[in-house]
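The values are calculated or read from the model by the stated rules, or taken from the named source; none is laboratory data. Computed from a prediction, not measured in an experiment: that's the story for all the values here. Glycine gets a Cβ as well: all are built from the backbone with ideal geometry, and neighbour counts include every protein chain shown. Surface accessibility is based on the protein's heavy atoms, side chains included, excluding ligands, DNA and RNA. Shrake-Rupley method; radii C 1.70, N 1.55, O 1.52, S 1.80 Å.
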Amino acid sequence: MFQSLAGRVAIVTGGSKGIGRGLSARFAAAGMKVLVVGRSQADADATAAALGPDAVGFSADVASAAGCAAMAAFALDTWGRIDVLAANAGIFPAAKLDQMSEDDFDRVIDVNLKGTFLAIKAVLPAMKAARKGRIVVTSSITGPITGYPGWAHYGASKAGQLGFIRTAAIELAPWGITVNAVMPGNIRTEGLDGLGPEYLAKMEGSIPMRRLGSVADIANAALYFASEEAAYVTGQNIVVDGGQVLPESLMALEEMDVVV
Ligand code: NAP
């Protein structure tokens, strides 16, 4: 699938764990060179080492313009090009509105939304010079479609990413750079595991496919957006959630059980 990706260079922010590690693994399996980025150099190195010699770890905080610039410079120094950016790094600490501090709000927006902007801005000079590029943002169903108590700031950041890519896609179209987003449902990652077994079990019960998603489910969708074959698709988003957003009520799920 997507032979065009062999030899291309990808940067994956938040590539050391969870969905980002799945993206890194999928890109590496497609023959790409991958810069695995996270704040922890040790974690980024460990993930890269597991992927083989064409993957390299790098430490940067996407909320920092200098960190994102260093990340792009390192990829260029190492491989001479940047073909794909997966702007995936994100955090999802929960806080209900009466407990949510201004700092809580700012940090989530800084990492998830500003970090998306800064990572994209950092790779643009190289992509524009090549007159080609693929940017794939990891958004979520939470915010653009659904809500969940404790995640008002998170949902705003994830909906904001979709607003951002629509204008970015228009601005970058003349340069041959596409900007699209994947919107995961509940995907089994370290981050999600941190929400506890009760959350995981209940969430599984609210998904028509009756399973949490895998990081491979997300990576396969991202791989399409990253490919040459997706050259004419930009400013779009795809939900990958096992049907989670579809039931209009609990009754719809109960009815499903009766049928099965
Ligand atoms: P995760 O398992 O917690 O992994 C997060 C990754 O991002 C790690 O590699 C982490 O490495 C890195 N990271 C966190 N803050 C960073 C920062 N400021 N700068 C650079 N790297 C940073 O999370 P995940 O579940 O895979 O989520 C990844 C993305 O998918 C997020 O954007 C999230 O909103 C989105 N998403 C996840 C789900 C889900 O069900 N898991 C659903 C919808 C959307 P360090 O800790 O070393 O920095």
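In segment 124-151, the qualifying residues are those that are surrounded by fewer than 24 Cβ atoms within 10 Å (Cβ to Cβ) and in contact (Cβ under 8 Å) with a residue 60 or more places away in the chain, and the one that is nearest to the chain's Cα centre (by Cα) is I141. Do we have F117 as among the aromatic types (F, W, Y), touching a residue at least 12 places away in the same chain (Cβ under 8 Å), open to solvent by 50 Å² or more (accessible area, probe 1.4 Å) and touching a Phe, Trp or Tyr at 6+ places or on another chain (Cβ under 8 Å) here? Yes, satisfied.
Criterion first (at positive phi and over 14 Å from the mean Cα position of the chain (by Cα)) does G194 satisfy it? So G194 does not fit the description; no. Selection within segment 216-230: residues that are touching a Lys or Arg at 6+ places or on another chain (Cβ under 9 Å) and open to solvent by 40 Å² or more (accessible area, probe 1.4 Å). The member of this set that is farthest from the ligand (Cβ to nearest atom) is E228. Taken together, V36, V9 contain a single residue that is in contact with a Ser or Thr (Cβ under 6 Å, 6 or more places away or on another chain) and either open to solvent by less than 10 Å² (accessible area, probe 1.4 Å) or within 15 Å of the ligand (Cβ to nearest atom) (or both), which is V36. Just so you know, in segment 44-86 the residues that are outside any helix (DSSP H, G or I) and among the charged types (D, E, K, R) include one that is least open to solvent (accessible area, probe 1.4 Å), and it is D83. Do we find that A94 is open to solvent by less than 50 Å² (accessible area, probe 1.4 Å), within 14 Å of the ligand (Cβ to nearest atom), farther than 19 Å from R134 by Cα and not hydroxyl-bearing (S, T, Y) in this structure? No, not satisfied.
Count, please, the residues in segment 231-260 that happen to be more than 27 Å from the chain's Cα centre (by Cα) and open to solvent by 60 Å² or more (accessible area, probe 1.4 Å).
Result for segment 231-260: 8.
Of the residues making up segment 182-201, one or more are touching a Phe, Trp or Tyr at 6+ places or on another chain (Cβ under 8 Å), closer than 30 Å to D77 by Cβ and either away from the ligand (no atom under 16 Å from the Cβ) or in a strand (DSSP E or B) (or both).
Is segment 115-125 home to any residue that is within 16 Å of the ligand (Cβ to nearest atom), within 16 Å of F225 (Cα to Cα), assigned to a helix (DSSP H, G or I) and of a type outside the set (S, T, Y)? Within segment 115-125, one or more residues are within 16 Å of the ligand (Cβ to nearest atom), within 16 Å of F225 (Cα to Cα), assigned to a helix (DSSP H, G or I) and of a type outside the set (S, T, Y). Taken as a whole, the structure leaves A69 outside the set of residues that are more than 26 Å from I109 (Cα to Cα) and within 15 Å of the ligand (Cβ to nearest atom). Considering segment 1-33, the residues that are hydrophobic (A, V, I, L, M, F, W, C) and part of a strand (DSSP E or B) include one that is farthest from L113 (Cα to Cα), namely V9. Considering the conditions (1) open to solvent by less than 30 Å² (accessible area, probe 1.4 Å); (2) farther than 30 Å from G242 by Cβ; (3) among the β-branched types (V, I, T), V111 is excluded by exactly one of them, (2). Could you check segment 12-26 and list, in sequence order, the residues that are of a type in the set (S, T, N, Q) and either more than 7 Å from the ligand (Cβ to nearest atom) or modelled with pLDDT under 95 (or both)? Across segment 12-26, the qualifying residue is only S24. Looking at segment 163-183, can you tell me whether even one residue there is touching a helix residue (DSSP H, G or I) at 6+ places or on another chain (Cβ under 8 Å), at pLDDT below 95 and surrounded by fewer than 16 Cβ atoms within 10 Å (Cβ to Cβ)? Scanning segment 163-183 turns up no residue that is touching a helix residue (DSSP H, G or I) at 6+ places or on another chain (Cβ under 8 Å), at pLDDT below 95 and surrounded by fewer than 16 Cβ atoms within 10 Å (Cβ to Cβ).
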